[in-house]
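What follows is a single structure, written as structure tokens, with notes after it.
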Amino acid sequence: MVQQTLAGSRIRERRVMAGLRQAELARQVGISGSYLNLIEHNRRRIGGKLLNDIAQALNVEPSLLSEGAEAALLSALREAAAETEAVAPELERGDEFAGRFPGWAGLIAEQHKRLRSLEHTAATLTDRLTHDPHLATSVHEMLTMVTAIRSTAGILADTKEIEPEWRNRFHRNLNEDSQRLAEGAEQLVAYLDDAGDASAGMTLPLEEVEAMLAAHKFRFDSLVNATPDELSAFVADQAQLTSDAARDMAMTVVRQLRADARLLSLDMLERQVEGGKVAPAQIASDYGVPLSTVLRRLAAVSDEMLPMPLGLVMCDAAGTLMLRKPVEGFAIPRFSGACPKWPLFQALSRPMQALRQTVTMTGREAKRFDCYAVSEPIGTIQVNVAPLYHSYMLIVPLEESGDAEAAVGSSCRVCPLAHCEGRREPSLLADVG
Amino acid sequence: MGKNVLVIEDEPNIIEAISFILSRDGWSVATHSNGHDAVGVVQASMPDLVILDVMLPGKTGYDILRELRSEDATQGLPVLMLTAKGQVKDREMAERAGASRFMTKPFSNAEVLDAVRELVAG
């Protein structure tokens with residue numbers, strides 16, 4: 001029964017994959033676009049001849065639309081397929097595979113999950129190797145010692161006639177350098193042993209900051225009157241932050257969110273969001289605060305003040321995602337680049353201009369979101385120096401259905417949209433249908 | 001031979017070893033061990049070649065090299081860069097800064113000698 005209720009979502013997904021407009025499919029099966037829209041949003045049950053007609057128009061088995069496989073399992077299979085290049089799974093038969101062999105499909109999904117976890121560990125260790133200043137200094141010193149020893153030993157071995165005082169000096173140098181090398185190696189081994197024992201540190205600093213922010217739901221109103229020392233003590237006390245890098249990054253974010261709370265108190269916001277209304281530009285205008293402040297603040301208070309939590313994402317001018325407050329149905333990629341069609345990135349090319357766009361996230365659920373974005377300069381303004389910008393996007397989930405004004409994805413690899421000018425890399429999903 | 005080489009490196013035993021092998025090969029070797037005033041030392045002595053370490057106290061070898069390349073007198077001066085980092089990005093940084101050659105530690109004496117001879121003959 002649950003699967004039957006998702007038939008509309010499956011129709012929508014198949015239609016998008018096939019590159020068919022809603023109106024076109026509706027015309028082919030002899031119904032109105034608005035009726036198909038209701039079906040696709042699971043607001044009308046579908047069966048019999050109409051289901052067969054739609055299946056025929058989409059060139060799929062009717063049972064794939066009416067029954068399908070468990071959505072999460074299918075989604076996991078698609079992710080696994082999208083991340084492999086060595087083989088080409090029959091994506092168009094994913095539903096059939098998951099339906100006929102749920103155990104095997106579950107095994108693939110589980111192994112993919114495990115693979116991701118291992119990749120994450122490898123990425124974390126690589127990050128540590130690359131950025132750990134102690135490790136870098138130790139390795140540099142050891143290589144310097146090795147170079148001196150190699151060069152000196154080469155001189156002693158290759159120089160047939162060498163004055164006694166030079167020979168003695170080089171012997172002494174060899175002795176000194178080999179001792180320093182031995183000490184350096186011992187210290188490095190001890191350091192790595194200690195590091196190996198630490199279960200903490202297996203996350204990247206940004207992830208630790210995100211975990212801390214999530215734990216506080218992006219709310220730091222209690223710190224509005226905190227002194228700098230109290231603020232430092234608060235950050236130092238956060239269990240999620242295990243490295244100085246993470247604490248430094250967290251301090252920057254907490255300071256900003258605290259400044260937001262000072263500009264827009266809970267009382268001020270409560271009046272503005274009465275009845276679940278979300279009007280960022282109006283709030284910015286009423287209180288004379290930057291729009292980015294309003295976007296961050298609304299995301300922070302939404303969990304408690306609004307009927308549904310709002311999402312937030314921030315990037316720098318290079319498009320690197322630096323802050324994220326996830327919201328259900330709007331997939332934010334962790335490691336790969338995000339969809340360039342997000343208003344977040346469009347705002348970068350129109351600094352200081354407020355953007356609003358309704359988007360539909362591609363995929364089975366096809367959820368709609370009202371997105372507000374703005375790009376604002378950071379740092380102090382200097383003469384003849386181009387400012388740097390940070391871009392923010394507030395993500396407001398929409399309940400009501402509607403046709404897709406703008407279809408956006410998460411990242412190219414898992415996006416089924418065909419004929420997308422913003423595509424950076426091929427999607428296996430795009431070949432389906 | 002008899003040409004001048006300036007070795008800018010902060011590890012005394014590496015300086016001693018390089019000085020020895022170059023002197024034995026007929027080069028006149030001067031040394032310097034910090035980055036602060038390295039550019040001034042190069043400009044004052046105008047050697048035929050500079051062997052330049054990347055990690056120096058006071059200023060990095062990359063910064064020193066960029067300054068040398070921005071001056072007419074030292075724009076074309078052969079510079080052999082030494083670094084303990086051998087990653088592609090380090091090589092690219094050295095090339096961008098204007099290095100004539102890039103050598104990763106640990107290197108052999110023969111490699112250093114060959115590079116110096118080639119760069120000065122060059």
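Data for the structure
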read-out: Exclusive hit being outside the structural domain of A:P416 (by TED's automatic domain parsing), of a type in the set (G, A, S), in a helix (DSSP H, G or I) and within 19 Å of A:V414 (Cα to Cα), set A:S34, A:S63, A:S75; value: A:S75
read-out: Filter result (touching a residue at least 12 places away in the same chain (Cβ under 8 Å), assigned to a helix (DSSP H, G or I) and closer than 23 Å to A:E304 by Cα) within the range A:215-234; value: A:A215, A:D221, A:L223, A:F234
read-out: So A:R169, is it modelled with pLDDT of 90 or more and touching an Asp or Glu at 6+ places or on another chain (Cβ under 8 Å); value: yes
read-out: Test: residue in the range A:313-333 that is more than 16 Å from A:L394 (Cβ to Cβ) and touching a Gly at 6+ places or on another chain (Cβ under 6 Å); value: no
read-out: Test: residue in the range A:180-195 that is within 14 Å of another protein chain (Cβ to nearest Cβ), more than 30 Å from A:A299 (Cβ to Cβ) and at pLDDT 90 or above; value: yes
read-out: Failed condition for A:V139, given (1) surrounded by 12 or more Cβ atoms within 10 Å (Cβ to Cβ); (2) not assigned by TED's automatic domain parsing to the domain that holds A:L181; value: (2)
read-out: Pick from the range A:139-179, criterion acidic (D, E) and in contact with a helix residue (DSSP H, G or I) (Cβ under 6 Å, 6 or more places away or on another chain), ranking: nearest to the other protein chains (Cβ to nearest Cβ); value: A:D177
read-out: Filtered residue count, the range A:264-278, keeping only those that are among the polar types (S, T, N, Q) and at pLDDT 90 or above; value: 1
read-out: Per-region count, the range B:43-64, residues in contact with a strand residue (DSSP E or B) (Cβ under 6 Å, 6 or more places away or on another chain) and either under 23 Å from A:A148 (Cβ atoms) or crowded, with 19+ Cβ neighbours inside 10 Å (or both); value: 8
read-out: Search result, residues across the range B:58-81 that are closer than 15 Å to B:R96 by Cβ and of a type in the set (D, E, K, R); value: B:D63, B:R66, B:E67, B:R69
read-out: Selection status of A:R356, within 18 Å of the chain's Cα centre (by Cα), of a type in the set (K, R) and in a strand (DSSP E or B); value: no
read-out: When residues of the range A:1-35 are limited to those that are in contact with a Gly (Cβ under 9 Å, 6 or more places away or on another chain) and within 19 Å of A:E399 (Cα to Cα), the one surrounded by the most Cβ atoms within 10 Å (Cβ to Cβ); value: A:E13
read-out: Near pairs, Cβ below 9 angstrom, 6+ apart or cross-chain, from the range A:88-107 (within 12 Å of A:L77 (Cα to Cα)) to any residue that is of a type in the set (D, E) and part of a helix (DSSP H, G or I); value: A:E90/A:E96; A:L91/A:D431; A:E92/A:D431
read-out: Qualifying residue in the range A:298-312 (condition: assigned to a strand (DSSP E or B) and at pLDDT 90 or above); value: yes
read-out: Helices (runs of 4 or more DSSP H) contained in the range B:1-116 and holding at least 1 residues more than 14 Å from chain A (Cβ to nearest Cβ); value: B:38-45, B:61-69, B:88-97
read-out: Qualifying position, being at pLDDT below 90 and either outside any helix (DSSP H, G or I) or out of contact with any strand residue (DSSP E or B) (no Cβ under 6 Å at 6 or more places or on another chain) (or both), among A:A245, A:A281, A:A261; value: A:A245
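Here is a yes/no grid of residues against (1) over 21 Å from A:P416 (Cβ atoms); (2) modelled with pLDDT of 85 or more:
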site: A:L50; (1), (2): yes, yes
site: A:D53; (1), (2): yes, yes
site: A:E70; (1), (2): no, no
site: A:A76; (1), (2): no, no
site: A:E92; (1), (2): no, no
site: A:A98; (1), (2): no, no
site: A:L107; (1), (2): yes, yes
site: A:Q111; (1), (2): yes, yes
site: A:E119; (1), (2): yes, no
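The values are calculated or read from the model by the stated rules, or taken from the named source; none is laboratory data. Computed from a predicted structure; not experimentally measured. Note that we place each Cβ from the backbone using ideal geometry, even for glycine, and neighbour counts take in every protein chain shown.
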